[in-house]
Each structure stands twice: as C-alpha cells, then as structure tokens.
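The values are calculated or read from the model by the stated rules, or taken from the named source; none is laboratory data. This is a predicted model, so every value here is computed, not measured. Here the Cβ is made from the backbone with ideal geometry for all residues, glycine too, and neighbour counts use every protein chain on show.
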Amino acid sequence: MLEKSFYRTLLKNGFNMPIKVNYWDGKSEIYGNGEPQATITFNKVIPVRDLSKNASIALGEAYMNGDIEISDASIEDVINAAYESSQSFFHNKKYIHYLPKISHDTKESKKDIQNHYDIGNDFYKLWLDDTLTYSCAYFETPEDDLKTAQENKIHHILKKLDPKPHRTLLDIGCGWGTLMLTAAKEYDLNVMGITLSQEQYNYVSEQIEKMGLQNQAQVKLVDYRELGNLKFDYITSVGMFEHVGKENLGEYFKCVNNYLNRDGVALIHGITRQQGGAINGWINKWIFEGGYIPGLAENVTHIEENGLQIYDLESLRRHYQKTIEIWDQNFNEHRQEITDMFDEKFVRMWDLYLQACAASFKSGNIDVMQFLLTKGAAGQHLPMTRDYMYK
C-alpha cells in the first residue's frame, strides 16, 4: 500500500528515540534501536496528499479527531523527539507547506485577536495563574510557583526600563492588565494599555476602578496603529509582535519609535526564531489566526530600519518551556470542566497546542526574546551595567 510505504519511509528516521507505531490495519512496527519509548497509533489512515500539502494541519487535525493517539510518553516528548531529528515530518521541507502572506489591516487584526482571547475569561482562569498573565514567566529559583514567576517577569521587564515616578508608560497588547497595573501601583507611573480583546478591555476597566487607579491608568480598545501623535517615556509590549503579521513588522517597530519620547525606552518581549521566520499551518488555522513567528534577524533589521537601537537582548526560551508545561498541567487538571464548556475535540486541540509549543521551546525550534530598545542612540540615563536589572 502506498500510504504504508510513505509512512514507513518518514517514520523510520523521524524521531531521535525508538518508537512503536500501530497502523490502522492492526499491524505494528518498531523504528529505532532499543526498547520503544513512545507509541503512536494511527486509528485511521491520513491520506498522503494531505500530509504532502500541509503536514502540520493534517497531523494536528488527526490528533484532534482521535485518528492519532500517543501513549507511553507525553505529546511534548514525542514532538520534541521529532523536532530534534533532522529527517522528521516537521523539518522535512518537502512535506511542509507554509501559508501565503496574511493580511493584517485593523479590522482583520481585531477579528484574529478576539477569536483567540475572547473565548472567555472563565476558560483562561482555569489554567493561568491568578494574575491572568498569558506569556512567558520568569523563574528566579526552581522553587518559584507560576504566580511568583509571572510577578518576577513583570518586575524584570519594568526594572529593565529603569523607570522614574510620574512618567508615562504605554503597554501595547496589555492582556488582562497585570503589567500596566503593577507599573501604576508599584512604580508610580501613569499608564495606558491597549488591546483588541473586548474581554480583556472589560476586565482591565473593572480592575482600574476596583484598585482606585482612575487617575493613573486607562485602557483603550484600539489598534496599535491608531494612537496618533501620543508620546510616552516608556513602552512595553509582551507577546504582541507575533500577532501583527510579517508584512506589518516594520510598521509595528515604526509605531514603537513614533510613540517614544526623545529619551524613551521600550521593552519588547516576544516569540521569535533564531533560524528565521515561520508559520505553523495547524496553529495558524486553529489557534492563532494570522499568527507569524518572525526570525531574530528579521526583527533586528526592522528595529534598525525604524530608528531604534538594541540596548540589551535576553533569551528566556527555557523559562517559556517551563511556563507552558505548568499551563498544560493546570489545563489537564481541569480537563473535564473544559470539556463541559466546549467539547472533547476542543480539549484535544488545546492540549496538543500547549504541549507542541513546550516541545518547540525545548528543542530550540522557537525562542522568546526581550529586546530593550532606545530611540536612536538615547539611553544615556540608563546605568552602565546590567546590575540595576536585578536589584
């Protein structure tokens, strides 16, 4: 059978650990040397044409539908083993089809964001920590729990700015507001957060009133390109540039430059790839519509071309791996509740998404970077060494 031969060819060298494969016809084969460390069961044949057209979509949807089962190892371990094998499904460019250019005008950007973040705050509250921070945490010690690590991350970002009281901060893509509200409460900054998520906007508005920060904090439901001539001393943007689209990266960094005062400082935190930009077809279709992971060199080029300079650059890849592993553990602890909210297909989809992302960070397929940027050669007021970031 053509399908069996095709599968055998790809799976034989597809993983850096021995695996057992149960095929749809009831037959099993072991690939690699030694005792199998994972079992992959194909309950149904996935057509070769679907794998050839877009392997990530074909395999992801097969898992969602229960046509593929993984046992004796976690999804994360199996995907990591595939990423680390140069001959795997996921790295064999002959079988990977990247999506074409994706439009990101203001209307489409709002739709993409709301399709992901407006699933419902009750859903995110089940597996995020109490701060509702949906980005990479920062584990200062191995003993840090998720909430502590997320609070560490907020302070790590704000300390890098070396902020002075009563100055202004813009948070582009403010999420559920923890960073901007911390900046107002604990650093005495005047802050503005912007988001395209109605759920996030409503939540942050409530928190501002609840904390009595009406004179220091405001949130706007607005696109990052629509702030006109407003200027700020500091800008933060966490997990945002992954959403703007390849064609808008230059404009995004141009906006950062335009919104900064002359001596302004920005901390831009986001997922990138040291191997160059990419789109994952399955994640793009089912999880983050319009998403694009830019390459590190791509970001640096846009930073330079738009009048910004890098003052400091830090990778937090291993921190994000650990963050997502905790998220997935929390997610599965509430698996039945989430199934009741949605359905089993949704749960399998999100479990796969979280574990696949953890594997991508573990293998180095993707990275997360913090860019500390100044407007041109500004930053003369910043300390000469990095010590101030850790005090």
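Could you tell me which residue of the stretch 173-199 is farthest from residue 151 (Cα to Cα), considering only residues that are in a helix (DSSP H, G or I) and at pLDDT below 95? Give the steps one after another, and end with the answer.
Initial filter on the stretch 173-199 (in a helix (DSSP H, G or I)): 178-187, 198-199.
Applying the additional criterion that residues be at pLDDT below 95 yields 198-199.
On the way: 198: 24, 199: 22 Å.
Only one residue tops the list, namely 198.
Residue by residue through the stretch 257-313, note down the ones that are assigned to a strand (DSSP E or B), closer than 19 Å to residue 173 by Cβ and in contact with a strand residue (DSSP E or B) (Cβ under 6 Å, 6 or more places away or on another chain).
Kept after step one, since they are assigned to a strand (DSSP E or B), are these residues of the stretch 257-313: 260-273, 278, 293, 295, 308-313.
Of the ones still in play, those that are also closer than 19 Å to residue 173 by Cβ are 260, 264-272, 293, 308.
260, 264, 265, 266, 267, 268, 269, 271, 272, 293, 308, listed by residue number.
Exactly one of (1) under 29 Å from residue 60 (Cα atoms); (2) without any contact (Cβ under 8 Å) to a residue 60 or more places away in the chain is unmet by residue 313. Its number?
(1)
Take residue 292 and tell me if it is of a type in the set (Ser, Thr, Tyr) and either closer than 20 Å to residue 226 by Cα or surrounded by fewer than 20 Cβ atoms within 10 Å (Cβ to Cβ) (or both). Steps first, please.
Values: of a type in the set (Ser, Thr, Tyr): yes; either closer than 20 Å to residue 226 by Cα or surrounded by fewer than 20 Cβ atoms within 10 Å (Cβ to Cβ) (or both): no.
So residue 292 fails the test.
Just to check your reading of the model, which residue among 374, 339 is among the hydroxyl-bearing types (Ser, Thr, Tyr), at negative phi, surrounded by fewer than 19 Cβ atoms within 10 Å (Cβ to Cβ) and in the same structural domain as residue 251 (by TED's automatic domain parsing)? Spell out the reasoning first.
Details: 374 fails: surrounded by fewer than 19 Cβ atoms within 10 Å (Cβ to Cβ).
From the options 374, 339, the qualifying one is 339.
Give the residue, chosen from 296, 221, that is out of contact with any His (no Cβ under 8 Å at 6 or more places or on another chain), under 23 Å from residue 197 (Cα atoms) and modelled with pLDDT of 95 or more. Break it down stepwise before answering.
Numbers: 296 fails: under 23 Å from residue 197 (Cα atoms).
Just a single option satisfies the conditions, and that option is 221.
What about residue 346, is it crowded, with 16+ Cβ neighbours inside 10 Å, over 18 Å from residue 244 (Cβ atoms) and either touching a helix residue (DSSP H, G or I) at 6+ places or on another chain (Cβ under 6 Å) or not assigned by TED's automatic domain parsing to the domain that holds residue 149 (or both)?
Details: crowded, with 16+ Cβ neighbours inside 10 Å: yes; over 18 Å from residue 244 (Cβ atoms): yes; either touching a helix residue (DSSP H, G or I) at 6+ places or on another chain (Cβ under 6 Å) or not assigned by TED's automatic domain parsing to the domain that holds residue 149 (or both): no.
The answer is no for residue 346.
Based on what the data block shows, is residue 200 surrounded by 18 or more Cβ atoms within 10 Å (Cβ to Cβ), touching a residue at least 12 places away in the same chain (Cβ under 8 Å) and either basic (Lys, Arg) or in the same structural domain as residue 327 (by TED's automatic domain parsing) (or both)? Spell out how you get there, then give the answer.
Details: surrounded by 18 or more Cβ atoms within 10 Å (Cβ to Cβ): yes; touching a residue at least 12 places away in the same chain (Cβ under 8 Å): yes; either basic (Lys, Arg) or in the same structural domain as residue 327 (by TED's automatic domain parsing) (or both): yes.
Spelling it out, residue 200 is indeed surrounded by 18 or more Cβ atoms within 10 Å (Cβ to Cβ), touching a residue at least 12 places away in the same chain (Cβ under 8 Å) and either basic (Lys, Arg) or in the same structural domain as residue 327 (by TED's automatic domain parsing) (or both).
State which residue is surrounded by the most Cβ atoms within 10 Å (Cβ to Cβ) when the search covers only the stretch 216-245 and only residues that are farther than 20 Å from residue 184 by Cα and in contact (Cβ under 8 Å) with a residue 60 or more places away in the chain.
244
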